[in-house]
Amino acid sequence: MLECCEKHAELYNELEKYIKSLEGKKGILINVLHKAQELFGWLPQEVQEYVAEKLNISPSTVHGVVTFYNFFSTKPKGKNQIKICLGTACYVKGADRVMERFLSELGVEEGEVTEDGNFSVHGVRCLGACSMAPVVLVGEKDFFGKVTPDMVPTIIKKYKEEGK
Amino acid sequence: MKPITVLVSVDSNSVLLGAREFYKQLVELVKEYNFDSIVDVLETGTLGNYNGVTIAIMPDDVYYSVKTKDEVYKIFEEHILKGRKVPELEISKQKIITYKPEKLPEEYKIVTRNIGKINPKSIEEYIANDGYFALAKALKMTPEEIINEIKESGLRGRGGAGFPTGLKWEFTFKTSSDQKYIVCNADEGEPGTYKDRLIMEGDPHSVIEAMIIAGYAVGATKGYIYIRGEYFGSVENLRKAIKDAYEYGFLGENILNSNFNFDLSIRLGAGAYICGEETALLESIEGNAGRPRLKPPYPPQSGLFGKPTVINNVETLANVPPIILNGAKWFKSIGTENSPGTKVFCFAGNLSSRGIVELPMGVTVRELLALAEGASGTSNLKMVQTGGIAGTFINEEKFDTPLDYDSFANNGVSLGSGVILGVNDTHCVVDIALNVMEFFRHESCGKCTPCREGTKNAVNILEKMKRLEATKEDLDYLIEISNLAKDTALCGLGQSFPVPLLSLINNFKEEFLEHIEKQYCRANLCKKVEKKKVKSKFKL
């Protein structure tokens, strides 16, 4: 288990409660991992091992599933994850230039977290909002459509201010 | 009903443009002016306008497109308070429903019949528009009669593969088992495609109703909707719809006193394109990594948890209630002989109008492009990709091909999931090919060699070509890899990544050769690089 501080114990408790609520159902691993990532922000090895133990399956099975899906992360991510759609529809509308601008504004490489831990930038596959291409998703729910490179500083500023 | 109804479109595109705030603003204004008893403000699905948020005022039948709160206020003040139209914000109804020259075939709404008309969160409104009538009718029919009706209608899978839906149901019906399942494939991950999202956001009950009918027809008592985790709006509307359907007795035990039971739940995907492949999707529901299974056995024999399973796409299912209500003969009268019915098309890329339209099968690419008003800006359309990322890239020569399930075999133009993606002449074919192959390399599950190694090698060659270093042999090898994967890959993904690649090479061979022989790129995007090995810019 993770070096325990109270916060983690709480998170583990909540995860356990969730697992109990699914008792008896088949094929729940992915649901449990969704919940775990929602709680912890990412899926450290310790959390994966914890899930394996609770569901009585091998840690390698859990790890195999975690690394298979894009949604699950084995690395910590920025507080605000900036996901830039690089699907064909967004690509032809200039998503690559939007990506470049984000990277240069924040001074990071793709997948890296900024020093203050506030942002990380990720290229993702189609987000299913092609009519608004190019599309940027910040966090889980904040969509920005028809993004131009010039809009990038404004978007970043918005989350910097919120973070304060 | 109150004398005035204001409809606000709150589909995912409108939400991006501030629809939720506009909706709230209107609700507050109505309260502030004490209009509660005469004005109803309701949410609805997409109304076909993608340049602003659509606000419709009924019964006046006036449609506005708004972008700011001031504009919303203006409409409230002028139209609702003073009863005067606001011409500068008005869009014609014609534009909303059809946006096309009169010569073109009429949009025919089956799948999208309720979208933009009803509040997707209200089961009452769905019922008021003949919702769950098909279920009531189906429960009085025998399973064989239902399956025959669907078979007779000629409905085929709208997810891309085009397998006859009635046959799927029949195979599942004929396999005996203590438990069978109905699965709705809502893992829409095909770049350029967003129709299922708009269907689920705008009319979730039609999918649910169809799944219950399918369950009754094949003898399944459990259903799963496997949906992309990113589709928050769809998930929210579906959850609410399922809850309401239980409350009204359309789900659960003894549905409409028929002794038939059916339970439905939602499973969230976790971001893997391959999970749109039906057996990979089943693996994922079972909690495993989504790698496709070897077929046969097919899901109707051995599917979810080893039990007989029907897997249908969202759009396919949304066709079922109208077929049950209106009959196979009616359905067959629409579209073409081998491909009856309609198709929902999604416009994407460099097209000036982007959105979904539903048209009878057999519409041509040119007609669709006319609807989308051609290329945007000053650049011209260079090519169109039809059918999704696994679909074909075509040039103008093939724009008159009617799109249906035979157009790929006959003319090399995919129908696929109905994407019409425009690409203008600022783009280079090699660069586009690289973008597409990067996607497939990333999404290949790695189970079979032709796909795992083929996509990787294709990316390498295209990177070389982008550096203007490729040779004729490289191009030949690229074609060889593609043909090999087409013949030998395990699943639909591996067999279809060659489709976009080969269509690009075949239709734009000259441009590929220019990169090789003259080290020249028309769009000036591919350049020589001093140091070796410049990876494509971003890894997906």
- Query: Taking the range B:45-62 on its own, how many of its residues are within 15 Å of B:Ile4 (Cβ to Cβ) and open to solvent by less than 20 Å² (accessible area, probe 1.4 Å)?
  - Reply: 4
- Query: Which numbered condition trips up B:Pro296, out of (1) open to solvent by 10 Å² or more (accessible area, probe 1.4 Å); (2) touching a residue at least 40 places away in the same chain (Cβ under 8 Å); (3) within 22 Å of B:Gly494 (Cα to Cα)?
  - Reply: (2)
- Do we find that B:Ser503 is over 21 Å from B:Ala280 (Cβ atoms), within 14 Å of chain A (Cβ to nearest Cβ), open to solvent by less than 60 Å² (accessible area, probe 1.4 Å) and among the hydroxyl-bearing types (Ser, Thr, Tyr) in this structure? yes
- the range B:445-458, residues that are within 14 Å of chain A (Cβ to nearest Cβ) and surrounded by fewer than 23 Cβ atoms within 10 Å (Cβ to Cβ): B:Gly446, B:Lys447, B:Arg452
- Mind listing whichever residues of the range B:371-395 are open to solvent by 10 Å² or more (accessible area, probe 1.4 Å) and at pLDDT below 85? B:Glu373, B:Gly374, B:Ala375, B:Ser376, B:Gly377, B:Thr378, B:Ser379, B:Asn380, B:Leu381
- Query: Does the range B:349-362 include one or more residues that are under 25 Å from A:Ala133 (Cβ atoms), within 14 Å of chain A (Cβ to nearest Cβ) and open to solvent by 40 Å² or more (accessible area, probe 1.4 Å)?
  - Reply: yes
- Task: Grab the strands (runs of 3 or more DSSP E) fully contained in the range B:379-449, keeping just those with 3 or more residues being touching a residue at least 60 places away in the same chain (Cβ under 8 Å).
- Result: B:392-394, B:419-424
- What are the residues in the range B:58-79 that are touching a Leu at 6+ places or on another chain (Cβ under 8 Å) and either under 27 Å from B:Ser122 (Cβ atoms) or part of a loop (DSSP other than H, G, I, E, B) (or both), if any? B:Met58, B:Tyr63, B:Tyr64, B:Ser65, B:Val66, B:Lys67, B:Glu71, B:Val72, B:Tyr73, B:Ile75, B:Phe76
- Message: Just to verify a result, which residue in the range A:67-90, among those that are within 9 Å of chain B (Cβ to nearest Cβ) and more than 30 Å from B:Lys382 (Cα to Cα), is surrounded by the fewest Cβ atoms within 10 Å (Cβ to Cβ)?
- Response: A:Thr67
- Message: For the list (1) open to solvent by less than 50 Å² (accessible area, probe 1.4 Å); (2) assigned by TED's automatic domain parsing to the domain that holds A:Thr148; (3) touching a Pro at 6+ places or on another chain (Cβ under 6 Å), I need the number of the one condition that A:Ala52 fails.
- Response: (2)
- Message: Residues to consider are A:Lys25, A:Lys35, A:Lys93; find the one that is open to solvent by 30 Å² or more (accessible area, probe 1.4 Å), within 14 Å of chain B (Cβ to nearest Cβ), modelled with pLDDT under 95 and closer than 30 Å to B:Gln385 by Cβ.
- Response: A:Lys93
- Query: With the range B:165-280 as the region, which helices (runs of 4 or more DSSP H) entirely inside it contain at least 3 residues that are open to solvent by 10 Å² or more (accessible area, probe 1.4 Å) and modelled with pLDDT of 95 or more?
  - Reply: B:165-174, B:232-247
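For (1) farther than 23 Å from B:Ile55 by Cα; (2) aromatic (Phe, Trp, Tyr); (3) open to solvent by less than 10 Å² (accessible area, probe 1.4 Å); (4) not assigned by TED's automatic domain parsing to the domain that holds B:Ser9, each residue gets a yes or a no:
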residue: B:Glu106; (1), (2), (3), (4): yes, no, no, yes
residue: B:Val111; (1), (2), (3), (4): no, no, yes, yes
residue: B:Ile115; (1), (2), (3), (4): no, no, no, yes
residue: B:Ile127; (1), (2), (3), (4): yes, no, no, yes
residue: B:Leu139; (1), (2), (3), (4): yes, no, no, yes
residue: B:Pro143; (1), (2), (3), (4): yes, no, no, yes
residue: B:Ile146; (1), (2), (3), (4): yes, no, yes, yes
residue: B:Ile150; (1), (2), (3), (4): yes, no, yes, yes
- Restricting the range A:4-17 to residues that are of a type in the set (A, V, I, L, M, F, W, C) and open to solvent by less than 80 Å² (accessible area, probe 1.4 Å), which is modelled with the highest pLDDT? A:Leu15
- Item | Selected residue (only one of B:Leu7, B:Leu47 is outside any strand (DSSP E or B), of a type in the set (A, V, I, L, M) and closer than 19 Å to B:Lys121 by Cα) | B:Leu47
- Matching residues in the range B:412-444 - criterion: being more than 10 Å from chain A (Cβ to nearest Cβ), among the β-branched types (Val, Ile, Thr) and touching a Cys at 6+ places or on another chain (Cβ under 8 Å): B:Ile420, B:Val430
- Residues satisfying the stated conditions in the range B:17-43, i.e. buried (at least 19 other Cβ atoms within 10 Å of the Cβ), assigned to a helix (DSSP H, G or I) and within 14 Å of another protein chain (Cβ to nearest Cβ): B:Ala19
- Flagged in the range B:197-232 as over 22 Å from B:Asp130 (Cβ atoms), at the interface with another protein chain (Cβ under 10 Å from one of its Cβ atoms) and under 15 Å from the mean Cα position of the chain (by Cα), in numbering order, are B:Arg197, B:Arg228, B:Glu230, B:Tyr231
- Pick from B:Lys343, B:Lys295, B:Lys329: which is part of a loop (DSSP other than H, G, I, E, B) and away from every other protein chain (no Cβ under 11 Å)? B:Lys295
- Right, A:Lys20: closer than 27 Å to A:Lys160 by Cα, assigned to a helix (DSSP H, G or I) and either more than 8 Å from chain B (Cβ to nearest Cβ) or modelled with pLDDT under 95 (or both) or not? no
- Note on the structure: For the range A:125-140, the count of residues that are among the aliphatic types (A, V, I, L, M), more than 7 Å from chain B (Cβ to nearest Cβ) and buried (at least 21 other Cβ atoms within 10 Å of the Cβ) equals 2
- Being at pLDDT below 90 and under 17 Å from the mean Cα position of the chain (by Cα) narrows B:Leu415, B:Leu317, B:Leu351, B:Leu368 down to just B:Leu368
- Out of the residues in the range A:66-82 that are part of a loop (DSSP other than H, G, I, E, B) and among the hydrophobic types (A, V, I, L, M, F, W, C), which is nearest to A:Val124 (Cα to Cα)? A:Phe71
- the range A:97-149, residues that are part of a loop (DSSP other than H, G, I, E, B) and either in contact with a His (Cβ under 9 Å, 6 or more places away or on another chain) or hydrophobic (A, V, I, L, M, F, W, C) (or both): A:Val108, A:Glu110, A:Gly111, A:Arg125, A:Cys126, A:Leu127, A:Ala129, A:Ala133, A:Val135, A:Val147
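The values are calculated or read from the model by the stated rules, or taken from the named source; none is laboratory data. As the structure is a computational prediction, the values presented were derived from the model and not from experiment. Quick reminder, even Gly has a Cβ in these numbers, built from the backbone with ideal geometry, and neighbours come from all protein chains shown. Heavy atoms of the whole protein, side chains included, go into the accessibility calculation; ligands, DNA and RNA do not. Shrake-Rupley method; radii C 1.70, N 1.55, O 1.52, S 1.80 Å.
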